[in-house]
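Only one structure is covered here, and it is reproduced in the block below.
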Amino acid sequence: MVNIAYIICSVLSFVPALVLHEVAHGFAAYKLGDPTAKASGRLSLNPLKHIDPFGTVILPAMLMLMGWPVFGYAKPVPYNPRYFKDPRRDDVIVGLAGPAANLAMAAIAAAVAWGCSGLVANPAFANSELFAYFYVMFLPTFALINLYLMFFNLLPIPPLDGSSIFAILLPARYLPKYYQIQQYAFPIFMIAMVVVPYVFHFNPFSWYLGATAGNLFDLMFPPFFS
């Protein structure tokens with residue numbers, strides 16, 4: 001029963017975390033003058049508009065089965081930097097909008113957890129199985145998945161959001177070449193993410209997410225969850 005409840009909580013957390021992450025990218029680009037995401041229907045909250053078969057379904061399912069932190073990705077929201085008034089600055093804003101949305105959702109879950117912490121001693125809530133699943137399982141799962149997605153996407157690896165910082169650091173003449181190599185960098189990273197732990201018997205990605213998302217979670221949530 002607990003495993004089924006965990007799977008349900010993970011799905012109910014993972015889908016909105018991914019959808020709002022991508023919508024935040026598109027909305028930021030739209031507000032900066034780029035209509036590409038809106039024209040392609042990617043400002044929608046409909047999950048079907050954002051599903052990537054591997055990143056949204058297969059990868060998180062594999063990670064869940066292996067007991068690793070659950071994260072993944074959706075279809076990247078298209079945007080065109082040519083619409084931006086300041087392409088370097090605006091590219092960073094669009095890139096960071098997705099992780100910012102995940103941080104906001106984790107903060108909301110933490111606020112609800114703090115708000116509900118006083119209800120634990122109330123018999124009407126303490127004896128409620130539904131409240132227990134919501135408080136003990138759903139809220140921390142929702143927050144952790146959002147934090148995992150945030151820090152995963154902040155890695156400076158194209159085309160993850162953290163790589164948008166290159167738009168500021170690289171000379172303008174190198175940007176077209178940089179955008180070309182994005183399509184090759186991520187598949188190599190995904191292979192490394194699976195192969196490295198088995199070859200070296202050390203999972204740097206789980207360590208990274210534990211050191212970042214895990215520690216931030218401990219700071220945000222009531223001591224009960226630590």
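The values are calculated or read from the model by the stated rules, or taken from the named source; none is laboratory data. Computed from a predicted structure; not experimentally measured. Backbone-built Cβ (ideal geometry, glycine too); neighbour counts: all protein chains shown. Areas reflect the complete protein model, heavy atoms only, side chains present, ligands, DNA and RNA absent. Shrake-Rupley method; radii C 1.70, N 1.55, O 1.52, S 1.80 Å.
Just a yes or no: is a residue in region 193-213 within 28 Å of residue 115 (Cα to Cα) and either free of Cβ contacts under 8 Å to residues at least 24 places away in the same chain or among the acidic types (Asp, Glu) (or both)?
The answer is yes; a qualifying residue exists.
To keep it simple, each residue is scored yes or no on (1) in contact (Cβ under 8 Å) with a residue 12 or more places away in the chain; (2) touching a strand residue (DSSP E or B) at 6+ places or on another chain (Cβ under 9 Å); (3) not β-branched (Val, Ile, Thr).
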position: 93; (1), (2), (3): yes, no, no
position: 99; (1), (2), (3): yes, no, yes
position: 102; (1), (2), (3): yes, no, yes
position: 130; (1), (2), (3): no, no, yes
position: 135; (1), (2), (3): yes, no, yes
position: 139; (1), (2), (3): yes, no, yes
position: 153; (1), (2), (3): yes, no, yes
position: 170; (1), (2), (3): no, no, yes
position: 177; (1), (2), (3): no, no, yes
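Among the candidates 108, 191, 145, 165, single out the residue that is buried (at least 17 other Cβ atoms within 10 Å of the Cβ), assigned to a helix (DSSP H, G or I) and β-branched (Val, Ile, Thr).
145
I'd like to verify a number: residues in region 47-90 that are among the basic types (Lys, Arg) and within 29 Å of residue 203 (Cβ to Cβ), how many?
Number of matching residues: 1.
Please indicate, with yes or no, whether at least one residue in region 112-120 is open to solvent by less than 20 Å² (accessible area, probe 1.4 Å) and in contact (Cβ under 8 Å) with a residue 60 or more places away in the chain.
yes
Condition first: surrounded by fewer than 16 Cβ atoms within 10 Å (Cβ to Cβ) and either in contact (Cβ under 8 Å) with a residue 24 or more places away in the chain or among the acidic types (Asp, Glu) (or both). Now tell me which residues in region 22-45 satisfy that.
Selection gives 33, 35, 40, 45.
Quick one: count up the residues across region 125-136 that are in contact with a helix residue (DSSP H, G or I) (Cβ under 9 Å, 6 or more places away or on another chain), farther than 19 Å from residue 6 by Cβ and open to solvent by 60 Å² or more (accessible area, probe 1.4 Å).
Here the count works out to 1.
Can you name the number of the only condition in (1) surrounded by fewer than 22 Cβ atoms within 10 Å (Cβ to Cβ); (2) out of contact with any Pro (no Cβ under 8 Å at 6 or more places or on another chain) that residue 76 fails?
Here residue 76 clears every test but (2).
Restricting attention to region 50-74, which residues are at pLDDT below 85 and in a loop (DSSP other than H, G, I, E, B)?
67, 68, 69, 70, 71, 72, 73, 74
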